[in-house]
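What follows is a short report on a single structure.
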Amino acid sequence: MTTSQGPTEPQPPVSAAVRLAGVEKSFPVRDGTTTVALSGIDLDVAPREFVSLIGPSGCGKSTLLRIVGDLIQPSGGTVQVNGKPAHQARLDRDYGMVFQAPVLFDWRTVEANVRLPLEVMRFSRAERDRRVREMLDLVELGGFLSHYPHQLSGGMQQRVAIARALAFQPALLLMDEPFGALDEMTRERLNAEVLRIWAQTRTTVIFVTHSIPEAVFLSTRVVVMSARPGRITNVVDIDLPQPRTEQTRETERYFELVTEVRESLRGRITSSAARARAEGAIG
Amino acid sequence: MRGVGSAARLRQYLPAIAVFLAAIVVWEIATAGPGRRVLPPPSDIVGAFGENAAQLRKSALATFYESLGGLAIGTFLGVLVALVTSRWASVRGVLLPVAIASSAIPIVAIAPIMNNWFGVLNPLSKMGMAALLVFFPVMINVTRGLVEVSPAATELMRSYASSDAQILFKVRVPNMLPFFFTALKVGTTLAFIGAIVGEFFGGTSDVLGRIVLQSLSGGRFDTAWAGIFLGAAGAIVSYLAVSLAERLVIPWYSSLVAQER
């Protein structure tokens with residue numbers, strides 16, 4: 001099936017799936033001051049890109065993902081998704097979201113959990129059934145239709161969450177540390193699965209992670225962020241050939257890129273420590 | 001699966017059944033002599049059932065009717081108020097303290113007032129007592145079930161651009177059902193207490209509360225105890241009915257709870 005957003009729609013000359021310009025986010029703190037969570041975020045994500053956001057905790061990467069998904073309002077700047085404001089994109093059901101916790105409903109079977117967005121969006125019964133089956137086959141859980149979430153392993157639950165996020169063919173898949181709670185083996189297996197799904201569905205993906213190998217293995221670009229205030233310090237193009245396999249993880253280029261991302265992260269960590277010292281001296 | 005489950009359940013309840021039967025035997029032996037003045041032996045109580053079968057049956061049905069009526073009214077109002085308070089946080093701020101304060105009312109003092117309102121012979125005066133006791137746990141539990149939804153679940157629904165009604169029916173209500181059934185189970189017992197306390201304050205004579213009082217004043221302790229057992233049996237039967245309904249309505253819940261143990 002074709003996705004609803006096509007090249008026929010009138011759009012700005014350079015069509016970006018996501019365009020962030022000068023995005024800021026600050027939260028009021030109890031003592032009356034404000035904490036700057038995100039500052040001066042500019043980022044373009046092209047259609048069908050797989051972009052990872054990586055950074056230390058507190059760098060605002062999950063906040064940024066939620067701003068893109070119109071779940072949090074930015075304090076400043078603009079967010080355009082498929083040429084529309086983020087709010088309109090959410091109303092148009094352009095987002096599929098996967099959180100760190102699977103957020104499956106205990107009272108729904110696997111099948112019914114995947115069907116949830118299709119019910120909300122009032123797909124026809126036949127279309128719902130077709131898509132649920134298609135999505136569960138895609139994540140290789142076709143045999144678990146009538147299981148309840150608590151009867152599945154953590155990895156399987158997260159695959160159900162992915163199937164649910166993709167069921168309505170959103171233009172943009174937003175994933176917030178989806179494999180953060182899983183063991184390394186399961187995580188690597190699911191990484192390969194996500195790449196296969198990405199190749200098949202051709203969705204744009206923004207993926208938040210704190211795992212360097214995961215970010216490098218999955219992405220076409222890795223966006224490195226630093227904390228306090230959260231901002232983008234480097235963008236690393238990942239030129240590993242597609243399709244990527246377990247062998248990719250053993251190539252020299254892969255290790256070079258892992259090193260590059262690690263050093264970008266470390267570079268920021270050093271200078272933010274320096275800034276913290278400087279702030280300490282002032283305060 | 002089912003066979004294994006019921007066999008395991010039987011094994012689980014076997015000690016309780018054994019203790020219950022042993023207690024009956026000890027009771028019978030201990031009250032054979034002068035102890036009879038304090039507590040009639042089980043055989044006398046069984047005898048009292050036989051002697052007063054017609055009156056006891058009629059009374060039990062009447063009390064059962066009052067209790068279930070009160071349970072229904074209290075549950076309905078509890079759910080209604082919970083829906084309103086969970087929908088509007090401002091209403092919650094006003095109503096919850098009032099509701100909590102109302103639970104501090106000594107219920108026994110309300111019984112004569114209920115008789116005043118509905119008429120002493122009207123079963124509604126007893127239902128009102130039962131409803132009053134049932135209302136509070138239902139309202140508090142259902143409110144919690146409606147409100148205590150994981151923030152991620154709400155975020156997920158918002159990412160689908162779902163309406164408030166969809167969030168209510170697809171997330172809040174299913175999330176609330178286990179809380180509701182827990183409250184309803186507590187409510188079955190409370191409803192019988194409320195109805196019988198109401199009966200103490202006057203009304204028709206063929207109800208369990210009056211049977212107990214009249215038998216006691218006439219020295220018929222065995223009949224009084226027969227009435228008490230019928231009240232307990234009614235509460236247990238309605239409790240089991242609620243448990244059965246729970247299994248049918250939220251089948252996923254018992255297997256989830258079993259796994260978490």
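Summary table
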| quantity | calculated |
| --- | --- |
| Odd one out for residue B:77, checked against (1) under 18 Å from the mean Cα position of the chain (by Cα); (2) open to solvent by less than 20 Å² (accessible area, probe 1.4 Å) | (2) |
| Residues within segment A:123-144 that are open to solvent by 30 Å² or more (accessible area, probe 1.4 Å) and of a type outside the set (Phe, Trp, Tyr), tallied | 13 |
| Residue match in segment A:167-176 (condition: on the phi > 0 side of the Ramachandran plot, within 22 Å of the chain's Cα centre (by Cα) and open to solvent by 40 Å² or more (accessible area, probe 1.4 Å)) | yes |
| Conditions (1) among the aromatic types (Phe, Trp, Tyr); (2) open to solvent by less than 20 Å² (accessible area, probe 1.4 Å); (3) in a helix (DSSP H, G or I): number failed by residue A:207 | (3) |
| Hits in segment B:150-168 - residues which are facing chain A (nearest Cβ under 10 Å) and either aliphatic (A, V, I, L, M) or under 18 Å from residue B:80 (Cβ atoms) (or both) | B:152, B:153, B:156, B:157, B:161, B:167 |
| Given (1) outside any helix (DSSP H, G or I); (2) more than 14 Å from chain A (Cβ to nearest Cβ), index of the condition residue B:94 fails | (1) |
| Filter pass, residue B:147 being touching a residue at least 40 places away in the same chain (Cβ under 8 Å) and either of a type in the set (Ser, Thr, Tyr) or under 30 Å from residue A:96 (Cα atoms) (or both) | yes |
| Any pair with Cβ under 6 angstrom, 6 or more apart, that starts in segment A:216-234 at a residue that is crowded, with 24+ Cβ neighbours inside 10 Å and at pLDDT 90 or above and ends at one that is part of a strand (DSSP E or B) and small (Gly, Ala, Ser) | A:219/A:52; A:222/A:52 |
| Wholly within segment A:51-154, helices (runs of 4 or more DSSP H) carrying at least 3 residues that are farther than 21 Å from residue A:25 by Cβ and within 14 Å of chain B (Cβ to nearest Cβ) | A:110-120 |
| Single condition residue B:45 does not satisfy, out of (1) crowded, with 17+ Cβ neighbours inside 10 Å; (2) free of Cβ contacts under 8 Å to residues at least 24 places away in the same chain; (3) farther than 24 Å from residue B:186 by Cβ | (2) |
| Segment B:221-249 residues that are closer than 15 Å to residue B:183 by Cβ, paired with ones that are modelled with pLDDT under 90 and in a helix (DSSP H, G or I) (beta carbon under 8 Å, 6 or more apart) | B:246/B:253; B:246/B:254 |
| Unmet requirement for residue B:185, which otherwise passes all of (1) under 24 Å from residue B:59 (Cβ atoms); (2) in contact (Cβ under 8 Å) with a residue 40 or more places away in the chain | (1) |
| Subset of segment B:219-255 (residues that are crowded, with 17+ Cβ neighbours inside 10 Å, within 13 Å of another protein chain (Cβ to nearest Cβ) and not charged (D, E, K, R)) | B:250, B:252, B:253 |
| Residue within segment A:179-186 that is part of a loop (DSSP other than H, G, I, E, B), within 14 Å of another protein chain (Cβ to nearest Cβ), closer than 28 Å to residue A:222 by Cβ and modelled with pLDDT under 90 present | yes |
| Condition check for residue B:147: of a type in the set (A, V, I, L, M), away from every other protein chain (no Cβ under 14 Å), within 24 Å of residue A:66 (Cβ to Cβ) and within 27 Å of the chain's Cα centre (by Cα) | yes |
| Selection count where residues are closer than 30 Å to residue A:118 by Cβ and either within 11 Å of chain A (Cβ to nearest Cβ) or aliphatic (A, V, I, L, M) (or both), scope segment B:173-215 | 6 |
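The values are calculated or read from the model by the stated rules, or taken from the named source; none is laboratory data. Just so you know, these numbers come straight off a predicted model, no measurement behind them. Note that we place each Cβ from the backbone using ideal geometry, even for glycine, and neighbour counts take in every protein chain shown. Just so you know, the surface numbers come from the protein's heavy atoms only, side chains and all, with ligands and any DNA or RNA stripped out. Shrake-Rupley method; radii C 1.70, N 1.55, O 1.52, S 1.80 Å.
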